[in-house]
Amino acid sequence: MKSTPLTQKHIDLGARMAEFAGYNMPISYAGIKDEHHAVRNGVGVFDVSHMGEFLVKGNGSTELIQKVTSNNVTKLTPGEAQYSCLPNHDGGIVDDLLVYRMEDENGAPSFMLVVNASNIEKDWNWISQHNDTGASMENISDHCGLLAIQGPKATEALQAMTEVDLSSIKYYDFKVGKIAGIDNVIISATGYTGSGGFELYVNNEDLAGLWDAVFEAGKPFDIQPTGLGARDTLRLEMGYCLYGNDIDDTTSPIEAGLSWITKVKKGDFNSQPLFAQQKAEGVSKKLVGFVVEDRRVPRHGYLIEDTAENGIGVVTSGTQSPSLEIPIGMGYVKKEFAKEGTEILIVAGKKKLKAKVTKVPFYKK
């Protein structure tokens, strides 16, 4: 198992550790529910240094990213990021990712791609094999540390650490500046919780110092360390997809409700003709949210039936929502059962749980 530079800090804090994407990661500290509420109402800190980062620079960098991603990278200006995915050649998803638009020292376009930890090698190989544009690529995953400081009090908690005006950074924008005495930190108004905040990218050697400084600055705001357990409940309350659960190599972004990051009119990219056809003609299955009218929690892989007990789909994610105090889930169903309010059954062993299709996000501020 790999470690992040903060692994010993997590252990010293009494974190429950487990393997995730090949890394020894903190699942929870005080408890998933407490950490979840800390992020929804205050501020929490995630070590997400297991994520992968690639730099793509030079002539042909824009063309390469435009070809391998679904969103339109030419719409980005320096200091902006976008959510996107890497389509394969069969209408599925290699991975979902963030694309950061930067500039090199000569003012030419350069990019940072942030990918899922479990897919670093897979994504690198996929993008590399499509690199016929002459773009320069560098995998900096092993040198790049990442903290996600999330919650409504994140701006206030971090502002004392930097002269960068954090309140001026719009959602999905970023600035590069000094924070906690560390130069060239990427301060990004992104995250996967739905409660606002920032993600801070630094060199690994600066990560432990940044962690300590963030917690010192956050003391007046009751800042809390938060693990991957709360990260999962937070993202699911927002209806955000998790790669390997809700999206994978066999699911189309159109089926997954990601039409908004699939710009079929931007020009040629992987699976573009198929996505254009799906947008025009519709798809046979759709990813939906649902709430369960029972105390049992739906689990990944549970079958979904209609009220006549015919199979219509499968659960991809499920949890007990700490904010709503009810079981929630997502899953793919045949398109005719995707309408809000449709009654469905979740097959949990011998028991069938009544549930109802609902719009996401489940949690509304």
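The values are calculated or read from the model by the stated rules, or taken from the named source; none is laboratory data. Treat the numbers as computed from the prediction; the structure is a model and nothing was measured. We place every Cβ from the backbone using ideal geometry, glycine too, and count neighbours over all the protein chains shown.
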Requested in this report: Considering only the range 153-170, state which residues are part of a loop (DSSP other than H, G, I, E, B) and in contact with a strand residue (DSSP E or B) (Cβ under 8 Å, 6 or more places away or on another chain).
Outcome: Met161, Glu163, Val164, Ile169
Query raised in the report: If you go through the range 322-339 one residue at a time, do you hit one that is within 23 Å of Leu234 (Cβ to Cβ) and loosely packed, with under 14 Cβ neighbours inside 10 Å?
Result: yes
Query raised in the report: Somewhere in the range 206-215, is a residue small (Gly, Ala, Ser), surrounded by 16 or more Cβ atoms within 10 Å (Cβ to Cβ), part of a strand (DSSP E or B) and touching a residue at least 40 places away in the same chain (Cβ under 8 Å)?
Result: no
Query - Filter result (of a type in the set (D, E, K, R) and touching a strand residue (DSSP E or B) at 6+ places or on another chain (Cβ under 8 Å)) within the range 185-229 - result: Glu199, Asp206
Query raised in the report: Within the range 143-172, how many residues turn out to be touching a residue at least 40 places away in the same chain (Cβ under 8 Å) and surrounded by fewer than 18 Cβ atoms within 10 Å (Cβ to Cβ)?
Result: 5
Requested in this report: Could you tell me whether Glu138 is out of contact with any helix residue (DSSP H, G or I) (no Cβ under 9 Å at 6 or more places or on another chain) and either farther than 23 Å from Phe215 by Cβ or of a type in the set (Gly, Ala, Ser) (or both)?
Outcome: yes
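Quick one: count up the residues across the range 177-205 that are over 25 Å from Ala38 (Cβ atoms) and either without any contact (Cβ under 8 Å) to a residue 60 or more places away in the chain or more than 24 Å from the chain's Cα centre (by Cα) (or both).
Matching residues across the range 177-205 total 6.
Confirm whether Met112 is surrounded by fewer than 19 Cβ atoms within 10 Å (Cβ to Cβ), of a type in the set (A, V, I, L, M) and either part of a strand (DSSP E or B) or modelled with pLDDT of 95 or more (or both).
Answer is no for this residue.
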